[in-house]
1. Go through the stretch A:243-255 and count every residue that is more than 20 Å from A:Gly52 (Cα to Cα) and of a type in the set (A, V, I, L, M).
2. Restrict the check to the stretch A:217-240 and report whether at least one residue is more than 22 Å from A:Leu71 (Cβ to Cβ) and in contact with a helix residue (DSSP H, G or I) (Cβ under 7 Å, 6 or more places away or on another chain).
3. Which members of the stretch A:145-198 meet the condition of being modelled with pLDDT under 85 and of a type in the set (Ser, Thr, Tyr)?
4. State the number of residues belonging to the stretch B:236-246 that are without any contact (Cβ under 8 Å) to a residue 40 or more places away in the chain and either surrounded by 20 or more Cβ atoms within 10 Å (Cβ to Cβ) or more than 10 Å from chain A (Cβ to nearest Cβ) (or both).
5. How many of the residues in the stretch B:113-126 are under 13 Å from A:Val273 (Cα atoms) and within 7 Å of another protein chain (Cβ to nearest Cβ)?
6. Those residues that are touching a residue at least 12 places away in the same chain (Cβ under 8 Å) and facing another protein chain (nearest Cβ under 10 Å), I need them from the stretch A:131-151; list them, please.
7. Being facing chain B (nearest Cβ under 9 Å), at pLDDT 85 or above and surrounded by 17 or more Cβ atoms within 10 Å (Cβ to Cβ) narrows it down to one residue among A:Tyr106, A:Tyr63, A:Tyr90, A:Tyr86; which is it?
8. When only residues in the stretch A:35-60 that are part of a strand (DSSP E or B) and surrounded by fewer than 16 Cβ atoms within 10 Å (Cβ to Cβ) count, which is nearest to the other protein chains (Cβ to nearest Cβ)?
Amino acid sequence: MSFLRRNLPSMLVMGIPLMWIALFMLLPYGIIVTYSFWLKKYPTFIPAFQFGNYVTIFTDPQYVRVFLRTLKISVLVSAASFLLAYPFAYYLVFRCRSVALRTWLYMAVIAPLWVSYLLRAYIWKTILGTEGVLNSFLMSLGIIDEPSSLFLYNQFAMVVTLTYIFIPFMVMPIYTALEKIPTNLTEASADLGMGPWRSFWTVTLPLSLPGVAAGFTLTFCLSFGDFIAPFLVGGPDGNLIANVIATQFGAALNWPLGSALAIVMLVVVLTIVSLSDRMERKGMTGGV
Amino acid sequence: MAQKTPGLLSRFGADTAFMSFVAILMAFLYIPIWVLIAFSFNDSRSLTWPLSGFTLDWYRKLWSNSDLIAAIGNSFYVATLATVVTLAVGVPAAMVLHKFDFPGKSVFRRLILLPITLPGIVTGISMLNMFKLMGFPLSLETVILGHATALLGVVVTQVYARLQRLPPSLEEAAFDLGASPWRSFIDITLPNIRSAIIGAGLLSFVLSFDEIPVTFFLTGRDNTLPMYIYSTMRRGVTPEINAVGTIIVLLSLILIVVAVIATRERKK
């Protein structure tokens, strides 16, 4: 009895999260792995063990194309976020001399995370649309004569929208990584006669790479699995993998194929996470 | 020495370049939000420039929209319970990561943090499959379980980071004075991580309130607010969505302020 009393708290502390993981993560993942080997048979599907769904995903040009498009969009979104986030974070950490201004600017970039994700996608639909704000604005300035369909329902719109949505995830880790770099390192390299560019390339950038890796991981994985923004601004050839998965569980009613697609997505995400984990450990600037 | 002047000049140039860059980034982030707000007060159905006139009609319409009101109620219910559950699981999980060493700990850590990078759609469909298999009907409660799972990583990272910064001597002292693990948690650890828990809770609430990918697959007949807005958007763009959006922006702003105050309170 007293054994139980002494150990009950720590058993609970261990037990609750372990049970939760087993029941709501491992078990469901196990189920979709199983389903991914099943066969679609009208009107539903039957148990089987075959790799047909995976073969379809990797050979049917329709799925290969979606897969490559998703990769391309996610890479572009990560790259765009990086190009915007790095100079910004660099400015905050090394150039901004007012602490208050630094805090405010940092908050200003993080704050949109608290504002509905759906709204942020919707805003771009209203801005970029044929009848949208940007078109009518350009027309009222006389820059264009008639609404252009150039902006919405294409991959450009998707990249802009996803970058807008996910950029805080790039700023946060880069900022943290830059903040950890002791200023005496850059001072030392300046004392040794290195110009600001050289010391940036040889000291600051390499030391911030773990943060960059973390930022790329987050923005890439989040864009890779998004289906709301493609639906709202992507248009007919803007389907990403997640849209195809959603269709398999909806109208197409092909759960086995949808499960296989989800497994492929899970594997891609896990691969990227462990790659960036390795990079972070190699960087050895510490980490979470 | 001779380099002094060009050095200063180029520093000035670099500063100007950085400032303009920051200004452009801020414009990119905030002009769209102002556009959203501006059109919620515009008296035309179409969202085209220039603004035609001021009206509060879109806000008035919201009040009489009973589907919308029901969806807001559902969202509060889901977000509140999901936050409570995810804290009840996430805080112990952070303690486990902080205190115990056991085989498979790194797998445990990875799994629990996975939903941060794992697209919600995978969480959504895997749990959907499980509930269907078990014959569990989809409802707001299944959405709560989904959200709690998806948000676990957020809570764990925040609470764990705080635990790591606590000096271990605090708990050791409590043990030396004869406190049980439970007592020392309640009296020593908990007060020290309280603001992290509040911060994580607020963030979980907001993220759950706003969640779509998991909700999309796990909800039954009832809609949450974002699901309702999403289904309205399918039919097209209307200023009513802008009005709801403006209210959401305002509430988010208030919550951010609350979060900042709540997490700051520690360093008096």
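The values are calculated or read from the model by the stated rules, or taken from the named source; none is laboratory data. Just so it is clear, the model here is predicted, and its values are computed rather than measured. Note: ideal-geometry Cβ built from the backbone for every residue, glycine included; neighbour counts use all protein chains shown.
1. 1
2. No, that holds for no residue.
3. A:Ser148, A:Ser149, A:Tyr153, A:Thr183, A:Thr186, A:Ser189
4. Of the residues in the stretch B:236-246, 1 are without any contact (Cβ under 8 Å) to a residue 40 or more places away in the chain and either surrounded by 20 or more Cβ atoms within 10 Å (Cβ to Cβ) or more than 10 Å from chain A (Cβ to nearest Cβ) (or both).
5. Qualifying residue count, the stretch B:113-126: 3.
6. Answer for the stretch A:131-151, where residues must be touching a residue at least 12 places away in the same chain (Cβ under 8 Å) and facing another protein chain (nearest Cβ under 10 Å): A:Glu131, A:Gly132, A:Leu134, A:Asn135, A:Pro147.
7. So the residue among A:Tyr106, A:Tyr63, A:Tyr90, A:Tyr86 that is facing chain B (nearest Cβ under 9 Å), at pLDDT 85 or above and surrounded by 17 or more Cβ atoms within 10 Å (Cβ to Cβ) is A:Tyr90.
8. A:Thr44
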